[in-house]
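Data first, discussion second: the structure below is written as structure tokens.
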Amino acid sequence: MKVIDVSKIDIYEVTDPKLQLILICLFTDGYVNPDQLPPHIYENRGWWGDSIKVEVSDRKQSVVWGSDLWVYEREKLNDDTLVDFKERIKRSLKIAVDAGIIEEPEITVTRDGDRLDFVLGFKNDEDLKFEGLDNV
């Protein structure tokens, strides 16, 4: 299992294209519908590229690059958070899975105090453990 400390990784030094794509999907701030923003967040994020239709599996569609994991900043962590975090990871990786670039991983999310760690388990590739998500 490859362990990735998110607080120290530099995407420019990552040479594995699949890992680069996973990092972009998970840690690029994706747009969130305004009604889904937590009350303490006043500014939405996102990327201008989200408005460009791309071809995935032979059809053009609008996709959101990145994730909405950033909404967990300063959020209290509980059991519901773990379930929701897992679903958001799955949704963030969907474009890479749909395009056939990565297989759909088994996702395990664990909590260690105010920190979340998660593992992406792959049948045909090395598992990836992401650590260092303090206050997400």
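Here are some notes:
- Residue in segment 104-131 that is farthest from the chain's Cα centre (by Cα), counting only those that are surrounded by 14 or more Cβ atoms within 10 Å (Cβ to Cβ) and part of a loop (DSSP other than H, G, I, E, B): ASP125
- Test: residue in segment 32-46 that is farther than 19 Å from ILE22 by Cα, at pLDDT below 70 and surrounded by fewer than 14 Cβ atoms within 10 Å (Cβ to Cβ): no
- Unique match (being within 23 Å of LEU128 (Cα to Cα), in contact (Cβ under 8 Å) with a residue 60 or more places away in the chain and out of contact with any helix residue (DSSP H, G or I) (no Cβ under 7 Å at 6 or more places or on another chain)) among LYS8, LYS86: LYS8
- Of all residues in segment 65-83, those that are closer than 28 Å to GLN20 by Cβ have Cβ atoms under 7 Å from Cβ atoms of residues that are modelled with pLDDT under 80 and of a type in the set (A, V, I, L, M, F, W, C), 6 or more apart or on another chain, in TRP65/TRP47; GLY66/TRP47; LEU69/VAL136; TYR72/VAL136; GLU73/VAL136; GLU75/VAL136.
- Test: GLY49 is in a helix (DSSP H, G or I) and either within 21 Å of ASP10 (Cα to Cα) or at pLDDT below 90 (or both): yes
- Filtering segment 92-103 to residues that are small (Gly, Ala, Ser) and surrounded by 14 or more Cβ atoms within 10 Å (Cβ to Cβ) leaves SER92, ALA96, ALA99.
The values are calculated or read from the model by the stated rules, or taken from the named source; none is laboratory data. The structure displayed is predicted, hence computed values, not measured ones. Quick reminder, even Gly has a Cβ in these numbers, built from the backbone with ideal geometry, and neighbours come from all protein chains shown.
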